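Step one of this worksheet: look at the structure below.
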Amino acid sequence: MPKDNLQVLNALDGAKTQWYHFTAIIIAGMGFFTDAYDLFCISLVTKLLGRIYYHKAGSSTPGSLPSNVAAAVNGVAFCGTLTGQLFFGWLGDKLGRKRVYGITLLLMVISSLASGLSFGRHPNDVMATLCFFRFWLGFGIGGDYPLSATIMSEYANKKTRGAFIAAVFAMQGFGILAGGMVAIIVSGAFKAQYPSPPYFKNPNGSTVPEADYVWRIILMFGAVPALLTYYWRMKMPETARYTALVAKDAKQAAADMSKVLQVDLEEERQLEKPGEKRGTDFGLFTTKFLSKHGLHLLGTASTWFLLDIAFYSQNLFQKDIFSAIGWIPKAKTMNALEEVYSIARAQTLIALFSTVPGYWFTVALIDKMGRFRIQLMGFFFMTLFMFALAIPYHHWTLPNNRIGFVIMYSLTFFFSNFGPNATTFVVPAEIFPARLRSTCHGISAASGKAGAMVGAFGFLYAADAIGVQKSLIILGVISFLGMLFTFLVPESKGKSLEEMSGEVEQENGNQTQGGRQSNTEIRIA
């Protein structure tokens with residue numbers, strides 16, 4: 001690494017925490033707020049979709065989505081997300097983080113609005129249209145994962161980098177919380193305006209025609225926060241690390257960072273040509289990458305895969321689990337809007353008291369405890385609480401023990417968020433070379449979404465075929481495997497990105513080659 005490049009990056013590593021860091025957290029974090037809202041709000045309205053579009057006259061129970069339709073509606077966004085993570089992760093390394101950052105947000109806005117406008121002559125037509133738009137919604141969300149993580153890691157100083165990246169991801173908790181709150185407000189307002197009897201009293205009258213607006217409004221609201229931050233994303237400069245290490249333009253990197261951070265960077269001379277390639281620039285599909293980072297990529301991808309099987313299974317189907325233990329009343333005792341309200345209230349309470357606090361415990365402690373310890377601890381307690389729920393499952397279904405079940409179930413959420421759900425997002429943004437950072441993060445995240453698809457599709461059928469108890473045992477085993485694969489992931493606390501990726505070592509030997517030298521002056525305000 002030429003000395004001028006190294007000095008630019010050292011200046012960023014040593015820069016004080018400034019207002020722009022917090023601005024970047026908000027700009028990147030609102031994307032994750034939208035991501036979580038859009039991915040999880042669908043679980044709030046699937047019961048309503050079943051009542052509206054799959055009602056069977058004369059049935060003793062409300063209509064529900066057929067298993068294949070439910071799996072598609074819940075899981076199609078994950079298919080799009082996986083594709084988007086791979087595509088935009090690769091594109092972010094090829095074209096730069098900034099160039100494609102706004103595209104992902106715009107795609108989310110358009111697809112959120114379009115999801116709420118899904119129409120058709122027949123129920124399956126509506127579901128097919130909804131699935132089409134949710135695929136593209138997922139595609140945009142997928143791009144947000146590697147780009148947001150990489151941008152935040154490359155802006156941050158090394159002392160608080162973990163907390164900054166985790167804070168971006170922690171906005172996901174607020175997105176889940178907002179989804180529940182919006183559903184409560186919308187369903188509550190319609191319930192008050194259009195009262196109707198419970199299903200067992202009047203099957204046809206329990207679902208008012210206006211209920212069709214409820215799920216559409218809930219889905220479309222996801223466009224609002226994304227739209228509000230689009231302008232600010234477009235104003236963000238390219239990260240200095242990409243410009244200096246990938247584009248090889250240290251002068252431009254210094255100029256960009258001087259505009260937004262209180263770091264005075266004066267480039268007197270730029271002797272390395274922008275875009276010049278060196279022999280140390282090995283690619284992803286090379287033996288050198290495999291020897292230096294192969295196990296690391298296996299570690300980040302496998303732990304994220306295993307985590308998301310458990311995490312998304314819990315999130316998407318918590319309404320079914322709560323119904324099974326009786327925390328949510330039986331569907332036939334409620335009208336359609338009351339059911340949406342009850343499901344949203346349960347999800348909001350879980351988010352408020354376990355999901356959101358878990359994220360922010362990680363933000364507060366990740367640069368003190370380290371990524372490895374938090375991830376190992378999180379997987380351990382997830383395993384423990386899953387087995388504690390599953391083995392005496394009958395005990396928890398008794399009326400007097402339901403609150404205990406909810407508390408234990410909430411703790412699995414707490415330790416997934418104060419644990420691997422946050423760290424699997426943070427670490428891939430820190431340990432790979434700049435020219436492959438977004439790609440490797442995208443691969444790791446895509447592995448996670450493959451796990452989410454296993455959770456979304458597999459848990460649905462597993463719960464029907466083998467029951468909730470055995471499904472929880474399987475999730476406990478999966479969490480235990482995540483604990484084992486965590487040992488492949490290196491600790492990055494307190495180290496610069498270049499130390500973790502090995503770019504300092506491999507480039508220091510080349511500083512004197514080719515007559516490259518620099519008179520770059522750097523003063524940290």
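See the values below:
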read-out	value
Among (1) touching a residue at least 12 places away in the same chain (Cβ under 8 Å); (2) closer than 22 Å to PHE322 by Cβ - the single one THR362 does not satisfy	(2)
Of all residues making up the stretch 423-441, the number that are under 15 Å from GLU491 (Cβ atoms), assigned to a helix (DSSP H, G or I) and of a type outside the set (S, T, N, Q)	4
All helices (runs of 4 or more DSSP H) inside the stretch 1-101 with 3 or more residues being among the β-branched types (Val, Ile, Thr)	19-40, 42-53, 67-95
Candidates PHE22, PHE32, filtered to the one that is at pLDDT 85 or above and either in contact with a Ser or Thr (Cβ under 6 Å, 6 or more places away or on another chain) or within 30 Å of PHE135 (Cβ to Cβ) (or both)	PHE32
Qualifying residue in the stretch 30-40 (condition: open to solvent by 30 Å² or more (accessible area, probe 1.4 Å) and over 20 Å from ASP144 (Cα atoms))	no
Residue under evaluation ALA77, criteria (1) modelled with pLDDT of 90 or more; (2) under 16 Å from the mean Cα position of the chain (by Cα); (3) among the hydrophobic types (A, V, I, L, M, F, W, C), criterion not met	(1)
Residues of the stretch 65-111 that turn out to be on the phi > 0 side of the Ramachandran plot and buried (at least 20 other Cβ atoms within 10 Å of the Cβ), as a count	0
Filter result for the condition that a residue is of a type in the set (Gly, Ala, Ser) and at pLDDT below 90, over SER112, SER64, SER43	SER43
All positions within the stretch 442-467 that are aliphatic (A, V, I, L, M) and either in contact with a Gly (Cβ under 8 Å, 6 or more places away or on another chain) or assigned to a helix (DSSP H, G or I) (or both)	ILE443, ALA445, ALA446, ALA450, ALA452, MET453, VAL454, ALA456, LEU460, ALA462, ALA463, ALA465
Hits in the stretch 227-240 (condition: touching a residue at least 60 places away in the same chain (Cβ under 8 Å) and in a helix (DSSP H, G or I))	LEU227, LEU228, THR229, TYR230, TRP232, ARG233, MET234, ALA240
Residues of the stretch 11-62 satisfying the condition of being without any contact (Cβ under 8 Å) to a residue 24 or more places away in the chain and under 21 Å from VAL126 (Cβ atoms)	GLY50, LYS56
Residue that is modelled with the lowest pLDDT, among those in the stretch 303-341 that are small (Gly, Ala, Ser), assigned to a helix (DSSP H, G or I) and surrounded by fewer than 22 Cβ atoms within 10 Å (Cβ to Cβ)	ALA324
Selection from the stretch 386-422 of residues that are outside any helix (DSSP H, G or I) and open to solvent by less than 30 Å² (accessible area, probe 1.4 Å)	PHE418, GLY419
Residue tally, condition touching a residue at least 24 places away in the same chain (Cβ under 8 Å) and open to solvent by 10 Å² or more (accessible area, probe 1.4 Å), over the stretch 112-129	4
Which numbered condition GLY142 misses (of (1) buried (at least 24 other Cβ atoms within 10 Å of the Cβ); (2) outside any helix (DSSP H, G or I))	(2)
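For (1) modelled with pLDDT of 85 or more; (2) open to solvent by 20 Å² or more (accessible area, probe 1.4 Å); (3) part of a helix (DSSP H, G or I); (4) closer than 17 Å to TYR53 by Cβ, each residue gets a yes or a no:
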{"site": "PHE200", "(1), (2), (3), (4)": "yes, yes, no, no"}
{"site": "ASN204", "(1), (2), (3), (4)": "yes, yes, no, yes"}
{"site": "LEU219", "(1), (2), (3), (4)": "yes, no, yes, yes"}
{"site": "PRO225", "(1), (2), (3), (4)": "yes, no, yes, no"}
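Here is a yes/no grid of residues against (1) more than 30 Å from PHE457 (Cα to Cα); (2) modelled with pLDDT of 85 or more; (3) not aliphatic (A, V, I, L, M):
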residue: LEU475; (1), (2), (3): no, yes, no
residue: ILE478; (1), (2), (3): no, yes, no
residue: LEU481; (1), (2), (3): no, yes, no
residue: LEU484; (1), (2), (3): no, yes, no
residue: GLU491; (1), (2), (3): yes, yes, yes
residue: GLU503; (1), (2), (3): yes, no, yes
residue: GLY514; (1), (2), (3): yes, no, yes
residue: THR520; (1), (2), (3): yes, no, yes
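Residues are listed down the side, and each one gets a yes or a no for (1) under 19 Å from ASN74 (Cβ atoms); (2) among the aliphatic types (A, V, I, L, M):
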{"residue": "PHE413", "(1), (2)": "yes, no"}
{"residue": "SER416", "(1), (2)": "yes, no"}
{"residue": "VAL427", "(1), (2)": "no, yes"}
{"residue": "ALA450", "(1), (2)": "yes, yes"}
{"residue": "VAL454", "(1), (2)": "yes, yes"}
{"residue": "GLY476", "(1), (2)": "no, no"}
{"residue": "LEU484", "(1), (2)": "no, yes"}
{"residue": "PHE487", "(1), (2)": "no, no"}
{"residue": "SER492", "(1), (2)": "no, no"}
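The values are calculated or read from the model by the stated rules, or taken from the named source; none is laboratory data. Here the structure is a predicted model, which is why all the values come from computation and not from measurement. Heads up, the Cβs are rebuilt from the backbone with ideal geometry, glycines too, and the neighbour counts pull from every protein chain shown. Surface accessibility is based on the protein's heavy atoms, side chains included, excluding ligands, DNA and RNA. Shrake-Rupley method; radii C 1.70, N 1.55, O 1.52, S 1.80 Å.
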